Amino acid sequence: NFTPNAFVEEMVAELKEKLQDDKVVLGLSGGVDSTVAAVLLHQAIGKNLYCIFVNNGLLRKNEFQNVLDQYKGMGLNVKGVDSGDRFLSELAGVSDPETKRKIIGRVFIEVFDDESHLIENVKWLAQGTIYPDVIESVSVKGPSATIKSHHNVGGLPDYMKLKIVEPLRMLFKDEVRRVGASLGIDPELLGRHPFPGPGLSIRILGDITPEKVQILQDVDKVFIDGLKSWGLYDKVWQAGAILLPVNSVGVMGDERTYEKVIALRAVESTDGMTADWVHLPYDFLMKVSNDIINKVKGVNRVVYDISSKPPATIEWE
Ligand code: XMP
């Protein structure tokens, strides 16, 4: 029977013992896992935990600044590194989903590595790896089946000769949330939907441009804010919008338009391995579709994804 308070007490003691006065670097993502790992480590070693939060230019709208402020408010020793332009220029012209993931993984490591070299005498790399990540990173490395290369686990270059510390490695997601709650982390942060490491890049089908990122960020914000204001956000396991690589014909006044199509996706799931599409109320879908088309320039059509996993996946790429 899992008791979060006991876990925190034991883990903080273990981390103190293990890390002593060593410096530790950790990459924050804005997600639940890395945040809980950071707060736990912060309790154990305070300012010797150096957090790095990288903007890859593919986060949700305003997320980089908002989450960075939130981390600072929690007392974490955190540095925000805005590398959006670098990621987007490396991604320019690339359409293949796995290539996008590889580029983002590589550039992230380069940025992170540069930043950790600025911390004198750092000894450890902390990660928010949780138990399902451990299992999945083993299974996707099978000989034929690289289904999607999740870049959060492994893949660090040898030249980053840091020892690894993963305080959440034995925990399931709900246990991580309970640990987070017992550490006093904002319930809203703990209740956030999962968000993929490659961010919006895999929700912009085809090649990525700054304009497309901006359109999708705007659309996504209307959708997510709508879910929150209708009290639906917590009933959904994960939601997001996908920018499709097609234009469709529409009318505006007397004019014919030829603009982008958006797919909305909302799923129920426990672990992301299987998922069902959520029966969002028609009234909500009607409102959000109108809001998207009226507020976001360049979009004239919204569709709703009614596919379950399997055989579809949650993301479209
Ligand atoms: P799929 O699309 O495989 O997604 O049904 C299952 C869950 O994994 C997330 N996902 C990713 N997360 N890096 C990540 O960190 C990735 O490359 C990636 N691909 C998918 C997805 O958002 C869903 O929660």
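The values are calculated or read from the model by the stated rules, or taken from the named source; none is laboratory data. The model shown is predicted, which means the values in this text are computed figures rather than measured ones. Using ideal geometry, Cβ is built from the backbone for each residue, glycine included, and neighbour counts are taken over all protein chains shown.
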Take the stretch 228-266 and flag every residue that is among the hydroxyl-bearing types (Ser, Thr, Tyr) and under 21 Å from Gly197 (Cα atoms). Tyr233
What tally of residues in the stretch 15-38 results from selecting those that are free of Cβ contacts under 8 Å to residues at least 60 places away in the same chain and either of a type in the set (Gly, Ala, Ser) or part of a helix (DSSP H, G or I) (or both)? 2
For the stretch 212-243, give me each residue that is closer than 17 Å to Gly298 by Cα and without any contact (Cβ under 8 Å) to a residue 60 or more places away in the chain. Lys212, Gln214, Leu216, Ala241, Leu243
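A quick yes/no check of all residues on (1) crowded, with 21+ Cβ neighbours inside 10 Å; (2) in a loop (DSSP other than H, G, I, E, B); (3) on the phi > 0 side of the Ramachandran plot; (4) touching a helix residue (DSSP H, G or I) at 6+ places or on another chain (Cβ under 9 Å):
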| residue | (1), (2), (3), (4) |
| --- | --- |
| Asn5 | no, no, no, yes |
| Leu40 | yes, no, no, yes |
| Leu58 | yes, yes, no, yes |
| Gln70 | no, no, no, yes |
Look at the stretch 273-297 and say how many of its residues are surrounded by 13 or more Cβ atoms within 10 Å (Cβ to Cβ), within 16 Å of the ligand (Cβ to nearest atom) and of a type in the set (A, V, I, L, M). 2
Going residue by residue through the stretch 244-265, is there one that turns out to be assigned to a loop (DSSP other than H, G, I, E, B), within 16 Å of the ligand (Cβ to nearest atom) and surrounded by fewer than 22 Cβ atoms within 10 Å (Cβ to Cβ)? no
Top-ranked residue in the stretch 104-121 [being surrounded by fewer than 18 Cβ atoms within 10 Å (Cβ to Cβ) and β-branched (Val, Ile, Thr); ranked as farthest from the chain's Cα centre (by Cα)]: Ile119
If I filter the stretch 169-177 for residues that are crowded, with 17+ Cβ neighbours inside 10 Å and modelled with pLDDT under 95, do I get at least one hit? yes
Scanning the stretch 182-203 for residues that are surrounded by fewer than 17 Cβ atoms within 10 Å (Cβ to Cβ) and either in contact with a strand residue (DSSP E or B) (Cβ under 6 Å, 6 or more places away or on another chain) or more than 25 Å from Ala266 (Cα to Cα) (or both) gives Ser182, Gly184, Pro194
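For (1) modelled with pLDDT of 95 or more; (2) part of a helix (DSSP H, G or I), each residue gets a yes or a no:
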{"residue": "Lys100", "(1), (2)": "yes, yes"}
{"residue": "Ile104", "(1), (2)": "yes, yes"}
{"residue": "Glu120", "(1), (2)": "no, no"}
{"residue": "Glu136", "(1), (2)": "no, yes"}
{"residue": "Ile147", "(1), (2)": "no, no"}
{"residue": "Met160", "(1), (2)": "no, no"}
Tell me whether the stretch 256-266 contains one or more residues that are within 22 Å of the chain's Cα centre (by Cα), among the aromatic types (Phe, Trp, Tyr) and not assigned by TED's automatic domain parsing to the domain that holds Phe172. no
For Ser307: the one exception among (1) at pLDDT 95 or above; (2) over 30 Å from Phe108 (Cα atoms); (3) away from the ligand (no atom under 15 Å from the Cβ): (3)
Positions within the stretch 266-278 being closer than 16 Å to Ala312 by Cβ and assigned to a loop (DSSP other than H, G, I, E, B), in sequence order: Ser269, Gly272, Met273, Thr274, Val278
